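Each remark here refers to the structure printed beneath this line.
FYI, it's all coordinate maths here, none of it is from the lab. Small disclaimer: the values here were computed from a predicted structure and weren't measured. Cβ sites come from the backbone with ideal geometry, for glycine too, and all protein chains shown count toward neighbours.
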Amino acid sequence: MRHLLSTMDVSRDLAISLLDTAEDMADVSTREVKKLPTLRGKTVVNLFFEDSTRTRVSFEVAAKRLSADVINFAAKGSSVSKGESLKDTAQTLAAMGADAVVIRHSASGAPRVLADSGWIDAGIVNAGDGTHEHPTQALLDAFTVRRNLHGSASRGKALDGVRVTIVGDILHSRVARSNVWLLDTLGATVNLVAPATLLPVSTVGWPVTVSYDLDEAVDAAPDVVMMLRIQSERMNAAFFPNAREYARQWGLDDERLARLPAASIVMHPGPMNRGLEISSRAADSAQSTVLEQVANGVSIRMAVLYHLLAGADS
Amino acid sequence: MTARTVLQQADIARALTRISHEILESNRGSSDLVLLGIPTRGVVLARRIGAILDSIEPGSGTVGALDVTMYRDDLAQQPTRAPSPTDIPPGGIDGKTIVLVDDVLYSGRTIRAALDALSDLGRPRAVRLAALVDRGHRELPIRADFVGKNLPSSADERINVRLMEIDGVEEVSIQ
């Protein structure tokens with residue numbers, strides 16, 4: 001694997017191999033010495049042009065557990081705020097000898113530009129670009145689903161036949177896009193539920209079914225309900241009348257939670273808007289995997305960095 | 001190139017039985033003994049030795065697996081290797097006598113990686129090494145305590161260990 005830019009590029013074999021490697025990485029996180037010498041001498045740059053806590057910290061922990069050196073680079077307080085271009089920033093990092101660049105950017109496609117431009121030779125990991133993709137989130141979601149389904153017998157398995165319902169702001173969600181492609185690759189079926197205003201103009205070519213009624217979707221007893229965050233920072237138009245109406249129609253409230261089968265799991269990529277897309281009780285219920293997802297994020301990112309940096313350049 | 005069989009099924013079985021007795025003898029019994037196989041074929045061999053130990057002294061065959069992929073010094077020279085699971089028995093390895101089990105002992109680099117991996121997992125009382133085949137050409141000061149067969153070989157020959165559980169046949173051949 002040279003870069004990880006989109007889950008569209010991830011084959012089924014590679015996806016399963018990444019999930020299996022993450023299983024081994026998860027074992028490391030339970031040991032007393034939570035460190036492997038594998039990436040000693042490699043430098044990983046976290047290049048974050050957008051705010052993030054969990055993704056940045058997760059990548060940082062992952063890189064450190066593999067003994068890589070980590071440089072955190074936030075756009076705020078850097079030369080970027082003086083007007084430095086992505087090209088100059090990339091070339092500066094290249095000159096400092098970065099082996100991998102983990103990039104989050106508000107512009108869709110920024111990681112692709114970095115990977116294809118030749119400005120920098122490092123492996124590029126997309127940590128969220130605009131409303132395009134967030135591949136490591138999709139991988140950790142798949143990992144979480146697989147662990148909940150198969151437990152310790154997860155290795156080597158895909159997600160064939162698993163029914164996933166993704167609810168909320170599909171339009172702005174890079175998490176949803178990455179998940180749609182990866183879940184399809186792994187054999188799961190995906191149902192999107194959202195107000196019509198928060199769906200892309202066209203979902204032609206997406207391997208999904210679309211519906212507008214959350215109650216119907218809940219009564220169809222899906223294996224996984226994935227709630228998306230209402231991204232107020234991207235809400236530049238009136239997509240729904242008000243928060244209360246959204247919560248009533250498309251929020252996972254206590255009553256809908258009670259109607260879900262006990263074996264179904266409730267996922268959320270965080271940060272949650274409690275009381276808006278998910279009620280506090282749903283977020284804290286035994287079916288919720290929110291904290292599990294965070295913990296699994298470290299294992300998945302270790303697996304991605306391992307596949308990116310450990311082998312010979314091919 | 002033609003392959004020549006050097007150990008057949010019965011030879012392998014005899015070698016493992018002898019190794020098992022030697023392990024018990026050198027450990028003065030089976031107390032605090034943990035066998036850790038190195039994936040892939042070392043794990044199978046460790047299980048078999050564990051079963052033999054169990055038949056000699058019931059309850060003595062504690063077996064696990066130790067993956068050394070993350071500790072190898074040649075990762076950057078090869079395409080990415082997928083790691084295998086590490087499985088440490090519930091009692092841990094602190095204060096135990098560990099017997100590492102591998103199929104072929106060659107450069108010694110795998111064992112070096114295994115020793116590093118062990119030190120991240122705990123502090124064993126002693127670490128021993130059992131190998132089905134020792135083919136020489138050591139690149140590090142490492143030797144095996146228990147050897148199934150010494151097989152002097154030239155560096156351009158290949159030693160293939162095939163075991164029933166993984167390969168469907170049982171033999172050691174040289175090619």
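Is it true that some residue in segment A:67-75 is within 14 Å of another protein chain (Cβ to nearest Cβ), of a type outside the set (A, V, I, L, M, F, W, C) and either out of contact with any strand residue (DSSP E or B) (no Cβ under 8 Å at 6 or more places or on another chain) or within 23 Å of residue A:1 (Cβ to Cβ) (or both)?
Initially, segment A:67-75 is screened for residues within 14 Å of another protein chain (Cβ to nearest Cβ), giving A:67-68.
Right, trim to of a type outside the set (A, V, I, L, M, F, W, C) and you get A:67.
If we keep only those that are either out of contact with any strand residue (DSSP E or B) (no Cβ under 8 Å at 6 or more places or on another chain) or within 23 Å of residue A:1 (Cβ to Cβ) (or both) too, we end up with A:67.
Yes - at least one qualifying residue is present in segment A:67-75.
For segment B:1-17, give me the residue count where each residue is charged (D, E, K, R) and touching a residue at least 24 places away in the same chain (Cβ under 8 Å).
Of the residues in segment B:1-17, 2 are charged (D, E, K, R) and touching a residue at least 24 places away in the same chain (Cβ under 8 Å).
So which of A:85, A:58 is away from chain B (no Cβ under 14 Å), more than 22 Å from residue B:116 (Cβ to Cβ), crowded, with 16+ Cβ neighbours inside 10 Å and among the polar types (S, T, N, Q)?
Details: A:85 fails: crowded, with 16+ Cβ neighbours inside 10 Å.
On inspection, the qualifying residue turns out to be A:58.
If you go through segment A:18-34, how many residues are at the interface with another protein chain (Cβ under 7 Å from one of its Cβ atoms) and either within 22 Å of residue A:177 (Cβ to Cβ) or loosely packed, with under 14 Cβ neighbours inside 10 Å (or both)?
Within segment A:18-34, residues that are at the interface with another protein chain (Cβ under 7 Å from one of its Cβ atoms) and either within 22 Å of residue A:177 (Cβ to Cβ) or loosely packed, with under 14 Cβ neighbours inside 10 Å (or both) number 1.
What is the residue count in segment A:118-150 for residues that are outside any loop (DSSP other than H, G, I, E, B) and either of a type in the set (Phe, Trp, Tyr) or free of Cβ contacts under 8 Å to residues at least 60 places away in the same chain (or both)? So that I can check it myself, show each step before the final result.
In the first step, residues of segment A:118-150 are kept if they are outside any loop (DSSP other than H, G, I, E, B); the result is A:123-129, A:133, A:135-150.
Remaining after also requiring either of a type in the set (Phe, Trp, Tyr) or free of Cβ contacts under 8 Å to residues at least 60 places away in the same chain (or both): A:129, A:143, A:150.
Residues in segment A:118-150 being outside any loop (DSSP other than H, G, I, E, B) and either of a type in the set (Phe, Trp, Tyr) or free of Cβ contacts under 8 Å to residues at least 60 places away in the same chain (or both): 3 in total.
Given the residues A:167, A:175, which is the only one that is crowded, with 24+ Cβ neighbours inside 10 Å, within 21 Å of residue A:8 (Cβ to Cβ) and either without any contact (Cβ under 8 Å) to a residue 24 or more places away in the chain or of a type outside the set (S, T, N, Q) (or both)?
A:175
What tally of residues in segment B:32-83 results from selecting those that are more than 15 Å from the chain's Cα centre (by Cα), within 14 Å of chain A (Cβ to nearest Cβ) and of a type outside the set (S, T, N, Q)?
Number satisfying all stated conditions: 11.
Please determine whether any residue of segment B:130-140 is surrounded by fewer than 16 Cβ atoms within 10 Å (Cβ to Cβ) and within 19 Å of residue B:65 (Cα to Cα).
Looking for residues that are surrounded by fewer than 16 Cβ atoms within 10 Å (Cβ to Cβ) and within 19 Å of residue B:65 (Cα to Cα), one finds none in segment B:130-140, hence no.
Within segment B:85-106, can one find any residue that is away from chain A (no Cβ under 11 Å), part of a helix (DSSP H, G or I) and surrounded by fewer than 20 Cβ atoms within 10 Å (Cβ to Cβ)?
Within segment B:85-106 (the criterion being away from chain A (no Cβ under 11 Å), part of a helix (DSSP H, G or I) and surrounded by fewer than 20 Cβ atoms within 10 Å (Cβ to Cβ)), the answer is no, since none of the residues qualifies.
Taking the options A:115, A:153, name whichever one is out of contact with any Pro (no Cβ under 8 Å at 6 or more places or on another chain) and free of Cβ contacts under 8 Å to residues at least 12 places away in the same chain.
Working: A:115 fails: free of Cβ contacts under 8 Å to residues at least 12 places away in the same chain.
Result: A:153 is the single residue among A:115, A:153 that is out of contact with any Pro (no Cβ under 8 Å at 6 or more places or on another chain) and free of Cβ contacts under 8 Å to residues at least 12 places away in the same chain.
Between A:98, A:15, which is more than 14 Å from chain B (Cβ to nearest Cβ) and outside any strand (DSSP E or B)?
On the way: A:15 fails: more than 14 Å from chain B (Cβ to nearest Cβ).
Among A:98, A:15, only A:98 is more than 14 Å from chain B (Cβ to nearest Cβ) and outside any strand (DSSP E or B).
Could you tell me which of the residues A:38, A:7 is within 14 Å of another protein chain (Cβ to nearest Cβ) and either closer than 30 Å to residue A:154 by Cα or in contact (Cβ under 8 Å) with a residue 12 or more places away in the chain (or both)?
A:38
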